[in-house]
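Chemist: Below you will find the structure I want to go over with you.
The values are calculated or read from the model by the stated rules, or taken from the named source; none is laboratory data. All values derive from a computational prediction rather than experimental measurement. Using ideal geometry, Cβ is built from the backbone for each residue, glycine included, and neighbour counts are taken over all protein chains shown.
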Amino acid sequence: MAPGDAHAGDAVPAFPFRRRQPMRPCPTMTNMTACPILVVEDGPTNRTIITAHLRRAGFEDLIVAEDGQQALAALEERTPDLVLLDILMPVLDGFATCRALRRDRRWSDLPVLAMTGLEQADERARIFAAGATDLILKPINSAELIARITSHLQNRMLIRSLRELNERTTAELAAARQMQETLLPGTALLAQIEGQYGVSLASRFAPSTELAGDLWGAWPIDAERFGLFALDVVGHGTIAAINAFRIHTLLWQGMTDHADPGRFLESLNRKLRPLLAAGQFATMFYAVLDVARDRIDYAAAGYTSPVIGNGAATRLLDGSGLPLGITQDARYETRTASWMAGEALLLYSDALSEAEAPGQGGSLLGEEGAQCLCTEALRTGSAPLALERLAGAIRADAGLDDDLTLVCVMR
């Protein structure tokens, strides 16, 4: 049975594309005058002068309040991009108004340009202590007023753009991570492998703090053999994820030689090499597990050394080999190992071998340390429990710098 046929039994993944929520139009640097400005001034004459200065400069979207109380009420109706705030006002003065703004998360980063006739240094210090962004002295100079407003609006628009870019990027990376996880084997395929070959198959996948490119999969070959692979695309971020998607497509469309691991990797490498840019590659381990002949045929392309055995004793398989995508004519040797009843094959990504060793003062596990942990985990006699113990051995409080993939097949 071809991999495509086996995989087709699983439900088609629903990729998590979401409709974007509409956002308030953000004025750009070229139409900055579209930014709404709240003018808070109790003096009618000053209010008229200030709004006239603004309108001459092209600012037409003006909200006017006569004291701090009116200003806070206006903010509940609409959030401006900048506040021009008089300090000495009746009802609620500029000090109290500014403190009220900064206590509310909605307006904590709103630029507040204080207007005051107070010239003493300690009074101006009080204004900044209340939360003002900047200060301009009365009587207001038109050129200075417009220059300060322009500077703060430019900063606000830049910060807003960066924040929206960060939010969009975070959402897209989360969606890509979910898509990556949908490429992993589904429950239907796992149940088929377990039922057909009398094995217990378990896996754990823990995504890193960054988007990365780990994958694993399995497929039936014939009545006695099935294939199992694990791979790790170099690097992090979108490029690594895209390359993982590319390899997944190659694996499930048109690949042959599934029964011969060496030829399988050679074929995959030839198809993959033209798709990768210089410096991009993937490490991989592919095995054909034969339950009738108690053996595993396998080939590797620079992957971590898998562990085979049971809780009493384990040994490492050879994961060495040239990574995929380095050169078009790479050759991969098919090796053989015994796989007896009661033994398990445990694949792990380098996030395990590069994890901190428990109680070792920050030193890394390495492959020997990983083998020791695997041996201890296999004493549970259960593939799911073994992986649970293995994952728990890694410091829970340390964020993963790489995807953690664990796959255990137990007879």
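Chemist: For the range 107-116, state whether one or more residues are surrounded by 15 or more Cβ atoms within 10 Å (Cβ to Cβ) and hydroxyl-bearing (Ser, Thr, Tyr).
Modeler: Checked the range 107-116: at least one residue is surrounded by 15 or more Cβ atoms within 10 Å (Cβ to Cβ) and hydroxyl-bearing (Ser, Thr, Tyr).
Chemist: Tell me, which helices (runs of 4 or more DSSP H) lie completely within the range 76-186 with 1 or more residues that are closer than 30 Å to GLY213 by Cα and among the basic types (Lys, Arg)?
Modeler: On the way: elements: 94-103, 121-130, 142-182.
Passing ranges, in order: 142-182.
Chemist: Considering only the range 162-201, state which residues are more than 26 Å from GLY235 (Cα to Cα) and either outside the structural domain of ASP294 (by TED's automatic domain parsing) or aliphatic (A, V, I, L, M) (or both).
Modeler: Just the residues of the range 162-201 that are more than 26 Å from GLY235 (Cα to Cα), to begin with: 187-201.
If the condition is that a residue be more than 26 Å from GLY235 (Cα to Cα) and either outside the structural domain of ASP294 (by TED's automatic domain parsing) or aliphatic (A, V, I, L, M) (or both), then ALA188, LEU189, LEU190, ALA191, ILE193, VAL199, LEU201 are the ones that fit.
Chemist: Give the residue, chosen from ASP214, ASP232, that is within 11 Å of LEU324 (Cβ to Cβ), among the acidic types (Asp, Glu) and buried (at least 22 other Cβ atoms within 10 Å of the Cβ). Can you show your working first?
Modeler: Numbers: ASP214 fails: within 11 Å of LEU324 (Cβ to Cβ).
Only one candidate qualifies: ASP232.
Chemist: Shifting gears a bit: Is it the case that some residue within the range 294-301 is under 23 Å from HIS236 (Cβ atoms) and surrounded by 13 or more Cβ atoms within 10 Å (Cβ to Cβ)? Full working, then the answer.
Modeler: In the first step, residues of the range 294-301 are kept if they are under 23 Å from HIS236 (Cβ atoms); the result is 300-301.
Now drop any that are not surrounded by 13 or more Cβ atoms within 10 Å (Cβ to Cβ), which leaves 300-301.
The answer is yes, given that some residue of the range 294-301 is under 23 Å from HIS236 (Cβ atoms) and surrounded by 13 or more Cβ atoms within 10 Å (Cβ to Cβ).
Chemist: Considering every residue within the range 52-66, establish whether at least one is at pLDDT 95 or above, over 21 Å from GLN154 (Cβ atoms) and not small (Gly, Ala, Ser).
Modeler: Checked the range 52-66: at least one residue is at pLDDT 95 or above, over 21 Å from GLN154 (Cβ atoms) and not small (Gly, Ala, Ser).
Chemist: Anything in the range 101-128 that is within 36 Å of the chain's Cα centre (by Cα) and of a type outside the set (Asp, Glu)? List them, or say none. Even if it seems obvious, please write down each step before you answer.
Modeler: Kept after step one, since they are within 36 Å of the chain's Cα centre (by Cα), are these residues of the range 101-128: 101-112.
Once the filter is applied, which keeps residues that are within 36 Å of the chain's Cα centre (by Cα) and of a type outside the set (Asp, Glu), the range 101-128 yields LEU101, ARG102, ARG103, ARG105, ARG106, TRP107, SER108, LEU110, PRO111, VAL112.
Chemist: Could you tell me which numbered condition GLY235 fails, if it satisfies all but one of (1) touching a strand residue (DSSP E or B) at 6+ places or on another chain (Cβ under 9 Å); (2) within 26 Å of VAL307 (Cα to Cα)?
Modeler: With respect to (1) touching a strand residue (DSSP E or B) at 6+ places or on another chain (Cβ under 9 Å); (2) within 26 Å of VAL307 (Cα to Cα), GLY235 is out only on (1).
Chemist: Further question: Of the residues that sit in the range 47-96 and are closer than 22 Å to SER151 by Cβ and of a type in the set (S, T, N, Q), which one is farthest from the chain's Cα centre (by Cα)?
Modeler: Ranking the qualifying residues of the range 47-96, first place goes to THR51.
Chemist: Scanning for something in contact with a Phe, Trp or Tyr (Cβ under 6 Å, 6 or more places away or on another chain), under 29 Å from PHE281 (Cβ atoms) and in a helix (DSSP H, G or I), does the range 231-245 turn up at least one residue? Steps first, please.
Modeler: To start, the set of residues in the range 231-245 that are in contact with a Phe, Trp or Tyr (Cβ under 6 Å, 6 or more places away or on another chain) comprises 234.
Remaining after also requiring under 29 Å from PHE281 (Cβ atoms): 234.
Narrowing further to those that are in a helix (DSSP H, G or I): none.
Within the range 231-245 (the criterion being in contact with a Phe, Trp or Tyr (Cβ under 6 Å, 6 or more places away or on another chain), under 29 Å from PHE281 (Cβ atoms) and in a helix (DSSP H, G or I)), the answer is no, since none of the residues qualifies.
Chemist: Is there any pair linking a residue in the range 220-238 that is farther than 22 Å from TYR348 by Cα and not assigned by TED's automatic domain parsing to the domain that holds LEU276 to one that is crowded, with 20+ Cβ neighbours inside 10 Å and at pLDDT below 95, with Cβ under 9 Å and at least six apart or on different chains, and which?
Modeler: Sorted first by the residue in the range 220-238, then by its partner, the list stays empty.
Chemist: Any idea which of (1) at pLDDT 90 or above; (2) surrounded by fewer than 16 Cβ atoms within 10 Å (Cβ to Cβ); (3) farther than 30 Å from VAL291 by Cβ is the one THR169 doesn't satisfy?
Modeler: (1)
Chemist: Take the residues of the range 304-336 that are assigned to a loop (DSSP other than H, G, I, E, B) and β-branched (Val, Ile, Thr): which is surrounded by the most Cβ atoms within 10 Å (Cβ to Cβ)? First the steps, then the outcome.
Modeler: Just the residues of the range 304-336 that are assigned to a loop (DSSP other than H, G, I, E, B), to begin with: 304-306, 310-313, 317-323, 325-334.
Now restrict to residues that are β-branched (Val, Ile, Thr): 304, 326-327, 334.
On the way: THR304: 24, ILE326: 16, THR327: 12, THR334: 17.
Applying the filter and picking the extreme gives THR304.
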